[in-house]
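Have a look at the structure below, then the notes.
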Amino acid sequence: MSRSIYIATMERDSGKSLVLLGVMELLSHRVQRLGFLRPVIRDDAARDSDIELVRAHYGLRQPYEASYGASYEQARELVSSGRQDELLKQILDRFKQLQRQCDFIVCEGTDYTGVAAAFEFEFNAELANHLGCPVLFVANGQEKSREQLVEVLAAAREELIESSCTMLATIVNRVPRARLPEFQQLQQEWPHEDALFLIAEQPVLSSPTIGEVVDALSAEIIYSDGENLNRDALGYKIAAMQLPNFLDHVEEGDLIICPADRGDIILGCLATTISEHYPKIAGIVLTGGLQLAPQLKRLIDGVRRPPLPILLVAGDTYTTATRIHALRAVIAPRNHRKIAAALGAFEAHVDLRRLEHRIEVVRSENVTPLMFEYELVERAKADRRHIVLPEGVEERILRAAEILLRRDVVDLTLLGDEELIRARIMALGLDLEHVRVIHPATSDLKDQFAQTYHELRRHKGITLEAAADTLADVSYFGTMMVHLGLADGMVSGSIHTTAHTIRPAFEFIKTRPGVSIVSSVMFMCLPDHVLVYGDCAINPNPDARQLADIAISSSDTARMFGVEPRVAMLSYSTGQSGKGADVEVVQEATRIARQLRPDLPIEGPIQYDAAIDASVARTKLPGSEVAGRATVFIFPDLNTGNNTYKAVQRSAGAVAVGPVLQGLNKPVNDLSRGCTVTDIVNTVAITAIQAQALQRRLDDRGGQSRER
């Protein structure tokens with residue numbers, strides 16, 4: 001079962017609340033811990049009616065403040081200042097917090113009251129994609145011809161698909177009952193695999209209650225027995241005619257608006273409540289702030305139970321009518337009549353078994369760059385590790401360090417001259433007062449580190465004096481901290497070459513048992529999924545055994561970061577279509593990798609198009625479990641891998657995270673010298689997660705040893 005749904009619409013007054021109640025009711029009998037989120041609400045000051053409704057009616061334990069991501073005011077400010085990603089991260093954070101506490105989350109999109117409708121739908125589609133929620137689209141069937149409705153549905157589907165959203169179902173709500181047969185024909189002809197449902201208009205749901213009118217107008221209640229405030233105002237009439245003519249225009253459920261000095265209208269309205277020949281009106285709104293005439297008041301006071309609610313407002317008749325016309329009806333938590341009407345309409349018109357089946361089988365496998373980066377940070381925070389950053393004077397490193405410490409992602413040590421680093425921090429205005437700084441040249445650890453390095457490398461002719469000189473280098477010093485367990489991992493390379501960063505690790509951290517080669521992967525974050533590319537940074541021309549090891553290491557790394565590995569061993573040939581030494585290396589690497597890891601789905605040799613495109617795969621390699629849906633791409637050499645990842649990054653707008661080194665006994669990772677602050681934050685989080693995985697392996701190994 002999908003773990004979430006996003007209810008979205010393209011316009012105001014589509015009746016999302018009815019659909020929300022229907023979906024919540026359907027799920028409440030099947031899901032133990034149900035959650036609800038409104039990504040954006042209209043106002044921080046006033047409570048959101050739908051949040052209050054579902055929390056009260058379904059007994060949700062989540063606090064009100066945990067039920068929304070931002071207000072329109074906050075959203076508008078962030079978007080207008082070019083910080084939309086910050087808004088998306090804020091909402092994603094609230095969603096993920098709920099997800100940790102709930103088995104299923106229903107998200108309800110925006111109300112189209114704050115910004116342009118075109119922007120809002122695009123925003124909802126983008127947000128549903130980032131949250132990984134299948135979309136339940138709700139259209140308004142009011143005042144639309146069949147052709148107009150088809151245009152709306154087609155436009156919505158196109159936008160959702162362009163945003164890489166997964167469609168769950170479409171509901172056309174508020175269909176006039178007279179047009180149901182015409183629209184049901186469209187339902188039968190629906191050409192898409194997702195379901196289309198129709199719900200007839202429910203006048204009781206689109207009409208405000210007298211109580212809601214009181215709140216909206218800040219009206220004074222002159223007469224009411226309390227219960228009649230729950231009456232629905234199905235329409236409104238302004239009484240400007242003389243009473244005989246006015247009575248010809250009164251309809252059932254009307255709210256009558258008139259000045260307080262129109263005694264004839266007031267008495268006529270009261271008389272309709274006891275007459276069998278006139279419709280029953282909902283209430284009277286008296287305008288102008290005028291008090292009732294004493295005679296009229298005495299007359300009404302003599303009635304044991306006021307037959308109508310009578311309200312008084314200070315505004316004039318026109319202003320009052322305008323405000324009532326603009327009033328949006330809501331389904332309040334205590335209005336059990338409306339709740340029952342909404343649930344009844346949903347259950348009468350929607351095939352619940354079919355919708356439930358769609359919820360069971362439809363799930364979004366999308367992983368956007370924002371979601372991937374968020375998960376990196378959250379996983380790193382879950383079990384804090386200690387990471388050393390050798391390039392302590394670099395501005396980007398310091399800015400990333402502030403972010404990492406503010407968000408409690410990791411513990412950090414910066415390397416370098418402390419006086420220079422502290423001065424740099426002050427000049428940049430950063431809050432890093434408590435960050436640990438070590439100067440390798442003056443540290444109390446330098447003698448211990450030099451002695452250790454001397455013992456590890458004396459077979460290479462390294463003297464103690466030479467070891468001391470070498471360990472003054474920040475890369476060697478930081479790597480030695482990792483080697484001796486004084487740090488869990490190291491990240492460097494923003495101002496140093498790859499060779500300078502990883503050479504110490506090759507010298508004394510070494511490769512893990514069973515791994516013949518240190519390699520790297522890039523996480524390629526495309527708009528709706530993440531691919532893993534290896535090796536794009538380390539090995540120029542790996543042989544068959546090394547390629548096999550790169551494939552296995554890359555698969556393990558992919559799984560570590562939530563990407564299910566399906567491995568494509570890339571070549572210029574697919575299957576048996578090509579010959580030559582380059583193809584034979586990939587063939588042999590594929591054979592070795594399958595032999596070493598029979599549990600992994602591995603295909604090779606295979607061309608990139610056959611690995612990524614299902615239609616090409618059906619032609620070139622039918623029946624393959626990898627072709628057309630590969631997630632891990634192993635390039636035959638560094639030249640191909642490095643050029644390909646940069647081409648995809650620049651041409652497809654992918655976010656490239658890495659390189660991530662794999663195969664070492666302990667995690668050390670290299671940054672690009674053109675890295676951004678975000679790149680550094682991501683790489684540190686990745687390094688921390690690698691350190692967590694290493695600790696789990698050690699714990700498992702220790703547990704097995706104790707059992708033996």
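Quick look at the values:
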read-out	value
Estimated inter-spin distance, Asp93 and Asp408, nm [label 7 Å along Cα→Cβ]	1.2 nm
Loop-located trypsin sites (Lys or Arg not before Pro) in the stretch 254-331, at most 10 other Cβ atoms within 10 Å (DSSP)	Arg304
Protection proxy ranking of 29-40, 630-641 - average other beta-carbon atoms within 10 Å, highest first	630-641, 29-40
Cα pair distances in the stretch 65-149, grouped into 5 Å bins until the bin that holds the longest one, percent each	3, 11, 22, 24, 18, 10, 7, 5, 1
Per residue value of the accessible surface for the chain (all protein chains in place, 1.4 Å probe), Å²	44 Å²
Contact order normalised by residue count of the stretch 473-517, Cα under 8 Å, 6+ apart, percent	37 percent
Ranked by how many other beta carbons lie within 10 Å on average, peptides 127-134, 498-505 from highest	127-134, 498-505
Helix 581-596 axis, angle to the chain major axis (alpha carbon atoms, nearest 10°)	70 degrees
Shape call, the stretch 383-445: gyration tensor on alpha carbons, a/c limit 1.5	oblate
Peptide ranges 224-232, 394-402 listed from the most packed, as the mean C-beta count within 10 angstrom indicates	394-402, 224-232
Computed over the stretch 1-77: relative contact order in percent, which uses C-alpha pairs under 8 Å that are six or more apart	30 percent
Structure-derived Cα extents along the principal axes in Å: which label, when the choices are (i) 115, 63, 51; (ii) 86, 65, 56; (iii) 88, 54, 52	(i)
Cα long-axis angle, helix 16-28 against the chain (0 to 90 degrees, to the nearest 10)	60 degrees
The stretch 516-641 - Rg over Rh from alpha carbon coordinates, Kirkwood radius	0.93
On Cα atoms only, tilt of 352-361 relative to the major axis of the chain in degrees	10 degrees
Whole-percent carbon and sulfur share, accessible surface of the chain, 1.4 Å	49 percent
DSSP-assigned coil residues among trypsin sites (Lys or Arg not before Pro) in the stretch 603-702, each with at most 15 further Cβ atoms within 10 Å	Arg673
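The values are calculated or read from the model by the stated rules, or taken from the named source; none is laboratory data. None of the values given here were measured: they were computed from a predicted structure. Every residue, glycine as well, gets a Cβ built from its backbone with ideal geometry; the counts of neighbours run over all protein chains shown. The protein model used for the area step is the full one, side chains on, heavy atoms only, and it has no ligands, DNA or RNA in it. Shrake-Rupley method; radii C 1.70, N 1.55, O 1.52, S 1.80 Å.
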